[in-house]
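Everything on this sheet refers to the single structure shown next.
What follows is calculated from the coordinates using simple rules that are stated; it is not laboratory data. From a predicted model like this one, the values you see are computed outputs, not experimental measurements. Here Cβ is always computed from backbone atoms with ideal geometry, including for glycine, and neighbour counts include all displayed protein chains.
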Amino acid sequence: MSVDWADVYRTSYEDLVRYLYRKVWDEERAQDLAQEAFVRVLDNQPDNARAWLFAVAANLARDEVRTVVRRRKHLTLIKAESSEAAADPDPVDVMDREQKLSAAKQALEELSDRDREVLLLWDAGLSYVEIAERTGLAVGAIGTTLSRARRRLVTAYDAVEGSHVARG
């Protein structure tokens, strides 16, 4: 059976960019990686095109992060997000938003690779079956893994937020 890549693109592009953004923390780079992932999968006819696409994208993101680390650049949130929010934003609101985004990023980074991957794939809209295919977990284990990963994320976020309050 032939894969309708145009349909896969229409139904998956936004989810893929969101997934990649949470891997590389740069919107433009996430869009570039999403396009590259589609280019790399076009000649393939996998059973599950969406899962295959996310697997290729994950590998591209991993390579991207290695390159950034090798150059000793730190992953950062896009500053433009906060400046685009309003022409003359309240500085306290801007600082609060940046602090919450930074805490969320740090909390995600503190999770195990498996927990982070399962959460990001689920957030990108993949089904339990697709997540299982991508991670190698049993389909029946995905719900439990997600639940535990969410709980760990909340705990990590609360710890990060608590440390920000203690410092601030």
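Can you tell me the length gained on complete extension of the stretch SER2 to VAL154, counting 0.36 nm per residue apart and subtracting the Cα distance? That pair, SER2 and VAL154, stretches by 50.5 nm at full extension.
Counting other beta carbons within 10 Å of each residue's own, what order do SER2, SER112 fall into, fewest first? Please list the in-between numbers first.
Values: SER2 5, SER112 10.
In increasing order of surrounding Cβ atoms, one gets SER2, SER112.
In terms of its Cα atoms, the range 1-76 spans 45, 19, 15 Å along the principal axes, sorted from long to short. In this calculation the C-beta distance from TYR13 to ASP96 is compared with R0 = 25 Å, giving a FRET efficiency of 0.20. Here the contact order of the range 87-168, divided by its residue count and restricted to Cα pairs under 8 Å and six or more residues apart, works out to 37 percent. Each residue in ILE131, ILE142 was given a count of other beta-carbon atoms within 10 angstrom of its own, and listing them fewest first yields ILE142, ILE131.
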